[in-house]
Amino acid sequence: MLIDTLVQDIRFGARTLIKYPAFTTVALVTLALGIGANTTIFSLTNQVLLSNLPVDRPEQLVILRSPGDKSGRVSSDGDGAASFSYPVYKDLRDHTDVLAGLLARYSVSLSVAGQGQTERASGELVSGNYFQVLGVQPAYGRAITSEDESAPGANPVAVLSYGFWKRRFGGDTSILNKTLEINGTSLTVVGVTPPNFIGVQIGRTPDVFVPITMKLQMTPNWDGLNDPSDYWLAIIGRLKPGLTPALAQAALAPQYRAILEGQLPLMKLGRDGQQRFLSMPLVLDPGSHGRPILQRDVKEPLLILMAMVALVLLIACANLASLMLARGAARQREVAVRIALGAGRWRLVRQLLTESWLVAIIGGGLGLLLAWWVLDALVGTLRQNVGAAGLEALPDRTVLVFALAVSALTGLLFGLVPALRATRASLQSSLKEQGTSVSDSLSNIRMRKALMVCQVAITTILLIGAALFARSLDKLNRLDVGVRTDHVLQFSIAPELSRYSPAQTIDLADRLRTAIAARPGVQSVSAAEIAILADSSSSSNTTVEGYVATPDEDTNVGKNWVGPDYFATMGISLQSGREISERDAASAPKVAVVNEAFVQRFFGGRSPLGSHFTFGAGDVHPDTEIVGVVKDSKHANVRSDIKSFVYPPYAQDKTLGELTFYVRTNQDPINVAATLRQTVSQHDANLPVYNLKTLTDQVDKSLFNDRAITALSLCFGLLAAILAAVGLYGVMGYTVARRTREVGIRMALGATRNRIVWMVLSEVVRMAAAGLAIGLIAAYALGRLVESELFGVKSNDPLAFCAAALLLAMVSLAAGYVPARRAAGADPMRSLRYE
């Protein structure tokens, strides 16, 4: 019986929606935009922040961290506390009975040669129990096992990811047990991972997995496998059933302390350094979502965008509730007739809610299609600019459930109150010939105006948020990064992945610089070990001649090994002294150029030329002469703070393995891209060229997060403004129609057209002013939630507030002016006869 009446309600609701196409179209478009925006952002949020790793019982995984002062080399992708040495990992793995398993991994860049081509790929060095601890079974072949971690260099095997296997080898299973040249070493392919396995870090999908004992072969110029002071491994553990991270952390503390005490004699530390070393705790963080690297960078922007689209949906609901109130008033006679014929009130409420839910479900379906289309473009852009590999554009089951739930909730939000009010009609007044209850109409008008004030308030918050992000991006775009980015093309090579020694890499770099400089259109060329503005950096503690550091002082400075003419090529002003030049060869005395921040910190502003420093602390001798001072410039990214920085010549880098070249041209730099590839190929046809782009494009990529959140917030703010304008227009159109006789009487008594226009606009002004006041107060209170994402702009920035208020005022007046002009242009005689 219930199903039959439900089907009847759906049929009746569908006929009603078809009968009123204008209302249906507006409602569906409004919902599609609101639900589509929410589904799009939720899909990204779900994949990045909410989804578990596709492994066995991910809730049992924990991330190991050890915050504190580490003495030695620390390599990390964002959190140095999560880096451990291989000897410490082995001690923990082999002697703990607290955890069910403990795996280790490290990201590496690979050069894969096979089937006549060489390709750059992403890889991971993994412990022998990596797949076992994760509970991942290979799709083909076998996984890496503990037997593949027997001794350094003794296990030349590899497992391919499913995606790389399909992309590179077309899904050909005959690749199993064949060899590939990976970083100049022959590795036998023994397996392929399952399709859904993406590694242990959201946003990074390794192409190839290699045993950790092959480290020296995969990173030829850096071993560190058995060095207790070389921190480079990320460790993930699996809890035993019933054990919490807190309990496991407490149980592991004595064992970790004992391991540190055993490592202490190998460390060259003073008494204070020893105490700090031994005081490092071992922390276990939940690891069901994997290593939180991408999450750390995009968590706040995603949550901000999620809040913004939720507000957009609230505006859409308020708009539709206003429309439903108007429809309810128009259908009071219909409702009264049905009640008179015996229909119960709750039966009618259910009917009206069914109509609302029908609109919501159809609108949600359209929103899902819109989200799919937007996600396809957005995910592709994120993969390219943020390195967010593994994100999918196709909504999964969780997203579909979310879209359905939001649609159902939306239907309830905008449908329930209008349904209750519509079925509260007075039979006597509703069944009269004119069919409208004056009291109900007044009540509906008040309700619609209240909804309109809420819409304006929410729109104000969104517009101010968009204005703040726009102001922040403008500040970043105008920021002087200390580098002249125009007419510069960059590209990178990694000769160490092709078995070049540091000396051979230096020789190749010198020959490439000479060859590129001779090309037509090239003004200057240089190279650096680390690409600038690419979120990559290197630093070291430093001992400066004549400077006495306090015991707890952080003497770390940034560093980048650069080639001759680097500062001239990059447009970094030389303040005093000289540049790095050709004479600064490997056998020449050690030299370096420093920036102004270095001079101010260690020399108090006096000239450092001729003074010496060295990397490291303790019993070291400053042997590097400072030969030049350059202007401060940004290095890691546009947002990074200026820090003390040194530039030694790359020719004196004993571990040089990769370089980024910078070529300044007197024409469009893209025109010489093919020439640069050809030049590299002439020197080594098997050496892949990557990151070929203009320096301007690199700056844009560095600002991608800011551009994305600004663009999306502007879209949501403008969408909210449009919805608010539609709502204002609807409310005022309904109000003007209701007051037609009043307008006719006023005009008959001598009211001018301007007076009528102002009569209507004054109501718009009152609603907009009330909503604007509430919105400004709320935006001021909520502004601090987004302040961490802003650059050079406070959350109470007056320009942003004024711009949002001005735009909203213009939108409100424009939305109210059309009904006002219509009222003022009406024929008084026809208005007097209006019923």
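The values are calculated or read from the model by the stated rules, or taken from the named source; none is laboratory data. Since we're looking at a predicted model, the values are computed, not measured. Cβ coordinates were reconstructed from backbone atoms using ideal geometry, including for glycine residues, and neighbour counts include every protein chain displayed. Remember, those area values only see protein heavy atoms, side chains included, never the ligands or the DNA or RNA. Shrake-Rupley method; radii C 1.70, N 1.55, O 1.52, S 1.80 Å.
Structure summary
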item: Subset of the stretch 790-805 (residues that are surrounded by fewer than 18 Cβ atoms within 10 Å (Cβ to Cβ) and among the charged types (D, E, K, R)); result: 794
item: Selection from the stretch 616-631 of residues that are open to solvent by 40 Å² or more (accessible area, probe 1.4 Å) and at pLDDT 90 or above; result: 623, 625, 631
item: Wholly enclosed strands (runs of 3 or more DSSP E) of the stretch 179-261 bearing at least 3 residues under 30 Å from residue 48 (Cβ atoms); result: 208-211, 234-239
item: Among (1) under 24 Å from residue 490 (Cβ atoms); (2) modelled with pLDDT of 95 or more; (3) touching a strand residue (DSSP E or B) at 6+ places or on another chain (Cβ under 6 Å) - the single one residue 590 does not satisfy; result: (1)
item: Meets criteria (modelled with pLDDT of 80 or more, surrounded by 15 or more Cβ atoms within 10 Å (Cβ to Cβ) and more than 25 Å from residue 96 (Cβ to Cβ)) for residue 323; result: no
item: Out of 508, 533, sole residue that is at pLDDT 95 or above and open to solvent by less than 10 Å² (accessible area, probe 1.4 Å); result: 508
item: Selected residue (only one of 53, 49 is surrounded by fewer than 21 Cβ atoms within 10 Å (Cβ to Cβ) and touching a Leu at 6+ places or on another chain (Cβ under 8 Å)); result: 49
item: Of residues in the stretch 140-150 being free of Cβ contacts under 8 Å to residues at least 60 places away in the same chain and not small (Gly, Ala, Ser), the one most open to solvent (accessible area, probe 1.4 Å); result: 147
item: Residue within the stretch 151-165 that is open to solvent by less than 20 Å² (accessible area, probe 1.4 Å), closer than 17 Å to residue 125 by Cβ and in a loop (DSSP other than H, G, I, E, B) present; result: yes
item: Residue 717 being open to solvent by less than 10 Å² (accessible area, probe 1.4 Å), within 30 Å of residue 597 (Cα to Cα) and among the small types (Gly, Ala, Ser); result: no
item: Of all residues making up the stretch 780-799, the number that are acidic (Asp, Glu) and modelled with pLDDT under 90; result: 2
item: Answer from 174, 150, 127 - the residue that is touching a helix residue (DSSP H, G or I) at 6+ places or on another chain (Cβ under 8 Å) and at pLDDT below 95; result: 150
item: Filtered residues of the stretch 539-566 (kept if at pLDDT 90 or above and in a strand (DSSP E or B)); result: 542, 543, 544, 557, 558, 559, 562
item: Qualifying residues in the stretch 366-382 (those that are buried (at least 16 other Cβ atoms within 10 Å of the Cβ) and under 24 Å from residue 292 (Cβ atoms)) - the one modelled with the highest pLDDT; result: 375
item: The stretch 15-37, residues that are of a type in the set (A, V, I, L, M) and modelled with pLDDT under 75; result: 22
item: Enumerated helices (runs of 4 or more DSSP H) restricted to the stretch 383-501, each holding at least 3 residues that are at pLDDT below 90, of a type in the set (D, E, K, R) and open to solvent by less than 60 Å² (accessible area, probe 1.4 Å); result: 438-478
item: Qualifying position, being in contact with a strand residue (DSSP E or B) (Cβ under 9 Å, 6 or more places away or on another chain) and modelled with pLDDT of 95 or more, among 82, 121, 139; result: 139
item: Unique residue being among the charged types (D, E, K, R), within 30 Å of residue 520 (Cβ to Cβ) and open to solvent by 20 Å² or more (accessible area, probe 1.4 Å) when the list is 639, 601, 583, 664; result: 583
item: Test set (1) under 20 Å from residue 693 (Cβ atoms); (2) among the polar types (S, T, N, Q); (3) out of contact with any Phe, Trp or Tyr (no Cβ under 9 Å at 6 or more places or on another chain) - residue 504 fails condition number; result: (1)
item: Number of positions in the stretch 186-213 that are more than 24 Å from residue 292 (Cα to Cα) and either touching a residue at least 40 places away in the same chain (Cβ under 8 Å) or open to solvent by less than 10 Å² (accessible area, probe 1.4 Å) (or both); result: 6
item: Selection status of residue 710, under 21 Å from residue 530 (Cα atoms) and either touching a strand residue (DSSP E or B) at 6+ places or on another chain (Cβ under 9 Å) or at pLDDT 90 or above (or both); result: no
item: Filter result for residue 264 (open to solvent by less than 70 Å² (accessible area, probe 1.4 Å) and out of contact with any strand residue (DSSP E or B) (no Cβ under 7 Å at 6 or more places or on another chain)); result: yes
item: Tally, over the stretch 71-116, of residues that are open to solvent by 40 Å² or more (accessible area, probe 1.4 Å) and assigned to a loop (DSSP other than H, G, I, E, B); result: 8
item: Residue, modelled with the highest pLDDT, within the stretch 720-732, restricted to residues that are open to solvent by 20 Å² or more (accessible area, probe 1.4 Å) and of a type in the set (Gly, Ala, Ser); result: 725
item: Qualifying residue in the stretch 283-293 (condition: modelled with pLDDT of 90 or more, in a helix (DSSP H, G or I), of a type in the set (A, V, I, L, M, F, W, C) and closer than 23 Å to residue 95 by Cα); result: no
item: Candidate set: the stretch 697-714, residues that are touching a residue at least 60 places away in the same chain (Cβ under 8 Å) and open to solvent by 60 Å² or more (accessible area, probe 1.4 Å); chosen: the one nearest to residue 296 (Cα to Cα); result: 705
